[in-house]
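Here is the structure we will look at, set down as structure tokens.
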Amino acid sequence: MSLVPYSYQRAFASKQTSDSCVVQIAGHTLNLKQVQEACESEESLDAGDSEEVRFGDQARESPLRNVGLRVWQSAFILTEYLARCPPFGQWADTQVLDLGTGTGITGIFLALEGARVVLTDLEHITPLTRRNVDLNCKALVQDRARVVEYCWGDPIDDLGIRPDIITVADCLYEPENYEALASTVVGACEAHTRVYIAFRRRGRQERSFLGMLESANFHLVEVPQDHLHEEFRTGDYFVVWGSKIGG
């Protein structure tokens, strides 16, 4: 096992073959387990693998089925940004819905900051999420970090949350699933809810997802590059936030 503290870029390259990494953000040190084989999913993404990735049984057969089993750059970028720029001034008792949580980096950090978080992902991802919650959250904090199996597009009532914040990090890797993800975001947003989306430009029609939200009467704002973590101001990574116009 290799524990890798973030410096950030060289450490990220080093940890791609490890089963654990250490992330330090705003005074919190997160020890996040991941799956070594998940690094192969980045090769598939960067190669522009065109095989469709759908939810349910088909997700298990795809070469990209492991995308949620490792820490991704955009998840770090979003978490670090939210640490510096909490939308309501503080995170205490803020209700957060974390979609496509994967290793749980964003949701776990926000729970440590005092938010009440529902971390959601597919059935074969959530065991790793739960393990990371157990590793990083003491009993009191675990009450603020609830892991739930959820497929985008399914009814959201069972999630038991009226979110103040929705986070979506590194989930824009398959256009076939954008409509389901947009449906969940639109359905979960209330008048006061803000959604934060972080992604890397990979030529997978990422901005078409943003267009779906705008068509659903969302106003979206792109965070300036110079507001992102200094090592990721390359023009390849983006954080966008927004809310429904008029609620």
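The table below gives the values:
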| quantity | calculated |
| --- | --- |
| Phi-based couplings in Hz for the range 225-240 (Karplus 6.51, -1.76, 1.60; Gly and Pro marked x) | 4, 6, 9, 7, 3, 4, 7, 10, 8, 9, x, 9, 10, 9, 10, 10 |
| Gain upon complete extension [residue 124, residue 22; 0.36 nm per residue less C-alpha separation] | 34.4 nm |
| Inter-label distance for residue 245 and residue 233, nm, one decimal - labels placed 7 Å from Cα along Cα-to-Cβ | 3.2 nm |
| Extension gain, residue 216 back to residue 141 (0.36 nm per residue minus Cα-Cα distance, nm) | 23.5 nm |
| Built amide H within the under 5 Å cut-off of residue 145, gap 5+ | 117 |
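Laboratory data are not the source of any read-out in this text; all were calculated from the coordinates shown. Since the structure is predicted, the reported quantities are computational estimates derived from the model, not experimental observations. Here Cβ is always computed from backbone atoms with ideal geometry, including for glycine, and neighbour counts include all displayed protein chains.
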